[in-house]
1. Would you please name the residue that is nearest to the chain's Cα centre (by Cα), looking only at residues in region 167-182 that are more than 21 Å from S108 (Cβ to Cβ), outside any helix (DSSP H, G or I) and among the charged types (D, E, K, R)?
2. Return yes or no: is A270 more than 16 Å from the ligand (Cβ to nearest atom), under 16 Å from the mean Cα position of the chain (by Cα), under 30 Å from E103 (Cβ atoms) and surrounded by fewer than 23 Cβ atoms within 10 Å (Cβ to Cβ)?
3. From N135, N119, N146, N113, which residue is more than 22 Å from I15 (Cα to Cα), more than 16 Å from the ligand (Cβ to nearest atom) and not hydrophobic (A, V, I, L, M, F, W, C)?
4. Give me the residue from region 183-214 that is within 12 Å of the ligand (Cβ to nearest atom) and assigned to a helix (DSSP H, G or I) and, out of that set, farthest from M91 (Cα to Cα).
5. Looking only at residues that are outside any loop (DSSP other than H, G, I, E, B) and out of contact with any Ser or Thr (no Cβ under 9 Å at 6 or more places or on another chain) in region 224-249, which one is farthest from the ligand (Cβ to nearest atom)?
6. Name the residue that is nearest to the chain's Cα centre (by Cα), counting only residues in region 203-213 that are β-branched (V, I, T) and surrounded by fewer than 24 Cβ atoms within 10 Å (Cβ to Cβ).
7. Considering R176, R153, R166, which residue is buried (at least 16 other Cβ atoms within 10 Å of the Cβ) and in contact with a Leu (Cβ under 9 Å, 6 or more places away or on another chain)?
8. Just to be sure, is V257 assigned to a helix (DSSP H, G or I) and more than 9 Å from the ligand (Cβ to nearest atom)?
Amino acid sequence: MENIQKKLQETAAFIRHLGVGEVDFGLILGSGLGELAEEIEDAIVIPYEEIPHFPISTVVGHAGQLVYGKLSGKFVLAMQGRFHYYEGHSMQTVTYPVRVMKELGAHSMVVTNACGGVNQNFAPGDLMLITDHINYMGNNPLIGPNDENLGPRFPDMSQAYNHEYRMKAKEVAEARNLHIKEGVYVGFSGPTYETPAEIRFVRTIGGDAVGMSTVPEVIVAVHAGLKVLGISCITNLAAGMQANLNHAEVVETTERVKEEFKALVKETLAVL
Ligand code: HPA
């Protein structure tokens with residue numbers, strides 16, 4: 001094993017040396033949802049390229065920096081931009097920042113994404129609390145020798161997405177009169193969007209939304225013992241349910257709902 005613990009200690013030491021102290025929540029901000037980091041108070045901003053052992057994000061619309069500070073009274077370490085499997089990173093690389101959150105003391109992670117709606121009751125612009133996921137990415141970040149110091153060999157995924165956190169987010173949404181959805185997120189590797197046949201398959205196997213992220217990070221978060229809250233922004237109807245798909249629409253939809261999204265995350269964080 002290429003000494004992941006030593007790397008994690010080096011990364012964490014570098015981040016701490018810049019003034020990062022206590023961390024309660026790790027935050028992963030998906031496509032178009034990164035603006036939330038601008039609301040973090042007394043922010044310390046750390047570009048990924050400066051962080052030892054961090055990869056560099058290549059996706060347009062992802063800033064590529066860590067932002068640390070207080071949000072809703074909680075110490076958060078936010079990723080403005082994440083790493084995707086389809087960029088060519090290994091699953092271990094994609095999930096390295098989750099290990100770093102844990103190393104810095106986080107007990108929980110809020111993970112967000114932009115995704116396609118498969119459930120016929122969903123519309124673009126809906127927000128969805130992730131109840132569970134299906135790993136259809138053809139890989140798993142825990143494949144390889146298991147380091148018992150990081151977590152168990154066979155992690156239980158029965159409650160990957162914390163029920164209590166989800167109920168609190170739901171209460172916040174209801175109080176805001178926001179008709180929040182709930183559902184199962186199915187992770188594909190991308191970078192192609194799915195085919196209409198794949199979307200019919202997703203519906204058959206119990207999926208409500210599809211995307212190209214989140215699953216690896218949540219697997220590692222569970223392995224590391226982090227409690228997870230997952231929030232998806234349905235940016236489009238999945239393939240075959242609308243005329244065609246493009247990244248511009250994804251960006252447009254996140255732009256349209258970002259204020260609702262930011263309010264939901266902030267108000268939820270306040271009560272977690
Ligand atoms: N499929 C996969 N990933 C996505 C989609 C989609 O329809 N929309 C945004 N990310």
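1. K181
2. no
3. Details: N135 fails: more than 16 Å from the ligand (Cβ to nearest atom); N119 fails: more than 16 Å from the ligand (Cβ to nearest atom); N113 fails: more than 16 Å from the ligand (Cβ to nearest atom).
Testing whether each residue is more than 22 Å from I15 (Cα to Cα), more than 16 Å from the ligand (Cβ to nearest atom) and not hydrophobic (A, V, I, L, M, F, W, C) leaves just N146.
4. P196
5. Applying the first criterion (outside any loop (DSSP other than H, G, I, E, B)) to region 224-249 yields 227-237, 247-249.
From what is left, the residues that are out of contact with any Ser or Thr (no Cβ under 9 Å at 6 or more places or on another chain) are 237, 248.
Details: L237: 8, A248: 11 Å.
Top of the filtered list is A248.
6. Within region 203-213, the subset β-branched (V, I, T) is 204-205, 210.
Filter once more, keeping what is surrounded by fewer than 24 Cβ atoms within 10 Å (Cβ to Cβ): 204-205.
Values: T204: 24, I205: 22 Å.
Ranking the candidates gives I205 first.
7. Details: R176 fails: buried (at least 16 other Cβ atoms within 10 Å of the Cβ); R153 fails: buried (at least 16 other Cβ atoms within 10 Å of the Cβ).
None of the others qualify; the one that does is R166.
8. Details: assigned to a helix (DSSP H, G or I): yes; more than 9 Å from the ligand (Cβ to nearest atom): yes.
Criteria met by V257.
No lab work stands behind these numbers, since they all come straight from the coordinates. Note that the structure is predicted; figures quoted are calculated from it, not measured. Heads up, the Cβs are rebuilt from the backbone with ideal geometry, glycines too, and the neighbour counts pull from every protein chain shown.
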